[in-house]
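Structure first, commentary second.
The values are calculated or read from the model by the stated rules, or taken from the named source; none is laboratory data. As the structure is a computational prediction, the values presented were derived from the model and not from experiment. Quick reminder, even Gly has a Cβ in these numbers, built from the backbone with ideal geometry, and neighbours come from all protein chains shown.
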Amino acid sequence: MGKFRENIIQPILDCWSLMVGLKITGKYFCKPLITVHYPREVIDDENLETYGGHVELIGKPKDPATPKCISCMMCVTNCPSKCLKVVKQKAPKPTPEQEAAMAAAKEAGEKVVKPKAPKNPAKFTYDYTLCSLCGNCIDNCPPKSLKFSNNMYWVATSRKEMNIDLLARLKEQATELSAPAPKTEAKPATAEKEA
Ligand code: SF4
Ligand code: SF4
């Protein structure tokens, strides 16, 4: 029985496995290419939208350089890799007028209202070398201030460069948005394939 299985059954099973593999290869061999010849071609915007790169901040609709972030620390708490660092802003020093109003309120036995710290963070850094792209930070952000970037062509030459200042990146993006679009020689891949 052992020899029968070894000499007859097993070769048939191996051939069947080969046929299944060849069927899948043949199916994809006949389909149009879905890769692009970078840098002569670039990924079109539609496909870039579905790319999940590093984590980045989302700006306010009316002020894209300022994040929607309210420094609640939910992302920091829920990050399993400890790759996010958020520093809250401190409350501003009261102006002489505010100090006088606070003193008057205290003297009258009323509630003293101190200047409040702005909600958006003072610092927001992210270590891409530690990130597992699990999405916990994005899912747990109450004001939806985080997303995966579609920064497909971003490269770094050192680990230090991969520790990203997300506030600085948001400001750069806001500046780029307000600047006229640069001319590029590379064509979107789909445009070339359609031609
Ligand atoms: S995607 Fe996951 S690992 Fe990366 S920063 Fe967010 S919570 Fe942390
Ligand atoms: S990014 Fe979102 S979860 Fe993280 S501190 Fe800001 S508001 Fe909170």
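Of the candidates 66, 157, the single residue that is modelled with pLDDT of 90 or more, within 30 Å of residue 38 (Cα to Cα) and of a type in the set (Ser, Thr, Tyr) is 157. Listed by first and then second residue, the pairs with beta-carbon distance under 9 Å, at least 6 apart or on different chains, first residue in region 15-33 and closer than 29 Å to residue 43 by Cα, second modelled with pLDDT under 95 and surrounded by 10 or more Cβ atoms within 10 Å (Cβ to Cβ), are 32/193; 33/189; 33/193. Of all positions in region 106-117, at least one carries a residue that is surrounded by 12 or more Cβ atoms within 10 Å (Cβ to Cβ) and within 14 Å of ligand 2 (Cβ to nearest atom).
Criterion first (modelled with pLDDT of 95 or more, within 30 Å of residue 177 (Cβ to Cβ), out of contact with any Lys or Arg (no Cβ under 9 Å at 6 or more places or on another chain) and surrounded by 15 or more Cβ atoms within 10 Å (Cβ to Cβ)) does residue 75 satisfy it?
Details: modelled with pLDDT of 95 or more: yes; within 30 Å of residue 177 (Cβ to Cβ): yes; out of contact with any Lys or Arg (no Cβ under 9 Å at 6 or more places or on another chain): yes; surrounded by 15 or more Cβ atoms within 10 Å (Cβ to Cβ): yes.
Taking the combined requirement at face value, the residue satisfies it.
With respect to being under 22 Å from residue 146 (Cβ atoms), loosely packed, with under 12 Cβ neighbours inside 10 Å, over 16 Å from the mean Cα position of the chain (by Cα) and not β-branched (Val, Ile, Thr), residue 62 fits the description.
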